[in-house]
1. Tell me yes or no: at least one residue of region 382-389 is assigned to a helix (DSSP H, G or I), in the same structural domain as Thr306 (by TED's automatic domain parsing), under 22 Å from Val354 (Cα atoms) and of a type in the set (Val, Ile, Thr).
2. Does Glu394 fit the bill of being over 24 Å from Ser318 (Cβ atoms), outside any loop (DSSP other than H, G, I, E, B) and at pLDDT 95 or above?
3. Search region 141-175 for residues being within 15 Å of the chain's Cα centre (by Cα) and in a loop (DSSP other than H, G, I, E, B), and hand back the single one that is farthest from Gln387 (Cα to Cα).
4. Being under 22 Å from the mean Cα position of the chain (by Cα) and surrounded by fewer than 21 Cβ atoms within 10 Å (Cβ to Cβ): is that true of Asp402 here?
5. Suppose we keep only residues that are touching a residue at least 24 places away in the same chain (Cβ under 8 Å) and surrounded by fewer than 14 Cβ atoms within 10 Å (Cβ to Cβ) within region 405-432. Which one would you say is farthest from Asp320 (Cα to Cα)?
6. I need a count of the residues in region 212-246 that are within 23 Å of Val114 (Cα to Cα), within 21 Å of the chain's Cα centre (by Cα) and at pLDDT 75 or above.
7. Can you name the condition, by its number, that Leu98 falls short on among (1) of a type outside the set (Val, Ile, Thr); (2) assigned to a helix (DSSP H, G or I); (3) closer than 26 Å to Thr449 by Cα?
Amino acid sequence: MVKILFLVAFTASIVTQLESANILGIFYYPSYSHQIVYQRLVKDLANRGHHLTILTADKMDSKHPNISEIYMESSYEGNINFVESRKSGGLKLFYDLLMAHFKRSELQMENPKVKDLIINHKNYHFDVILLEYLFKSHFIHFGELYNCPIIGISAIGVGIPVHELMGNQVNPLIHSEIMFPYQHGRMKFKERVSSFIYYFATKFFLQPIFEYVGWEQAKKMFILKNSSVTAQELEDRVDLVFVNTNPLLDYVRPITPNTIQLGFMHVETPKPIIGELKEYLDSSQNGIIYMSLGSNVKSKDLTPETKTIFLNVFRKLSYDVLWKFEDDRLANKSDNVKISKWLPQTDLLAHPNVKLFITQGGLMSLEESIDREMPMIGIPFLLDQYQNTLKVQEEGFGLSLDLEDVTEASLHNAITEVMKPKYRENIKRFKKLVYDEPMTSREKAVFWTEYVIRNKGAKNLKYPGRLLPFYQKCGLDVIATIILTVYSFSKLLSYLRNSVKSNKKLKIL
């Protein structure tokens, strides 16, 4: 019996070795909440015997023998202040993000180990690249260096340029960009105008600038095997895109088979809370309101006026308030308010004494709240947070407030409203819906990664119309031809009719 078990184990180890692949993961965006999504997939792939080399903006939480980590420590240099940038509007924020991306890329490429992957690429072999793909990135050149397929992955929803690349339906009059709080397919006239203008401004102005600057920057950083390769040829290496949004949290839209929707990738069973924090949570008599603006937006950067509004409202409540606040002191806070620079949010939300979550509406925070059945008040600051908090309000398990319009009365009324039992009942119902799937998102992501490895790509799943130029997708050439033909034919008929009339007059004379 022992011999049989040994043979089975030995055979399994050989099969694992034969099927294991070399994977390059490039996760460059400096946001811990994003990185934790990628880390879950990386560990799952490593546990299946694959060998991964990871370029990351945040260190892995734990070590694994199959994971080689390249920590790009300069990733957080030059990060923008999202509290300030949100005041400038969508286009300015988009521009600031792109400029920060270029600066960050140069710093990340100075990492000696990253340089080694580029300069000595002949010494390495990779079967597939997992590339962070919130928007198009010139890290895509690694696909040309290693002549392998790319799987794009985003911890949140992707922008319109990525949807266009994959061949998904893109119509700004139906689906707005992710930073707009518009109901897809139900936009008002003013919202459709705004969405339409933004789409054309980014597609024909900002995006070409971004691609040109990125291309010039990439040519300095990379040693390409084929210097004549085009941007379109590089982008064609992206065979799949993993989008970490459940269709029920995102707005449903027609997508192609190579767009894999996931969601709840990072959510795991809550761990027990220990020490002083446990004592605080357990001892609360009336319940706790937890407030955090996430890992990118800092509560300490709020204006003094906004902080005063929150503190005045919290002072009047019978609840305790636990506030993730990135400073040692918060002036004029009342005794029922406790601040901390860091808190184990995903575990904390599972505590029975926590009654409400005031959040910036980041996707990972929403997913944790849904899993822990925690009603929310969302105050969005950037990107997908506007649509996320709008969705929370639509589904009836929270409310959305605009920071500029927050007053003591509106905040107090929102807290009082969301404490009603119906909000918790609605989030329990929604949780059942999002988890009613044949396999988990992590299982799905592993399957499709190994699908690309087994088949050396997934070009068979690509929509053939994705590469058509804009005028062909919209049928402008066909419409113009029809109009020109009808016009020419009508002119010809008019000419013939006039000729016939002239001939009749001549005969009469």
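The values are calculated or read from the model by the stated rules, or taken from the named source; none is laboratory data. Since this is a predicted model, take the numbers as computed values, not measurements. Virtual Cβ from ideal backbone geometry, glycine too; neighbours counted across all protein chains shown.
1. Step one: of region 382-389, the residues assigned to a helix (DSSP H, G or I) are 385-389.
Still in the list and also in the same structural domain as Thr306 (by TED's automatic domain parsing): 385-389.
Checking which are under 22 Å from Val354 (Cα atoms) leaves us with 388-389.
If we keep only those that are of a type in the set (Val, Ile, Thr) too, we end up with 389.
Yes, region 382-389 contains a residue that is assigned to a helix (DSSP H, G or I), in the same structural domain as Thr306 (by TED's automatic domain parsing), under 22 Å from Val354 (Cα atoms) and of a type in the set (Val, Ile, Thr).
2. Here the answer is no, as Glu394 does not meet what is asked.
3. Top of the filtered list is Ala155.
4. yes
5. Lys428
6. 3
7. With respect to (1) of a type outside the set (Val, Ile, Thr); (2) assigned to a helix (DSSP H, G or I); (3) closer than 26 Å to Thr449 by Cα, Leu98 is out only on (3).
One line per residue, one yes/no per condition, for (1) touching a residue at least 40 places away in the same chain (Cβ under 8 Å); (2) buried (at least 23 other Cβ atoms within 10 Å of the Cβ); (3) not small (Gly, Ala, Ser):
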{"position": "Val128", "(1), (2), (3)": "yes, yes, yes"}
{"position": "Glu132", "(1), (2), (3)": "yes, yes, yes"}
{"position": "His138", "(1), (2), (3)": "yes, yes, yes"}
{"position": "His141", "(1), (2), (3)": "yes, no, yes"}
{"position": "Leu145", "(1), (2), (3)": "yes, no, yes"}
{"position": "Gly152", "(1), (2), (3)": "yes, yes, no"}
{"position": "Glu164", "(1), (2), (3)": "yes, no, yes"}
{"position": "Asn168", "(1), (2), (3)": "yes, no, yes"}
{"position": "Phe180", "(1), (2), (3)": "yes, no, yes"}
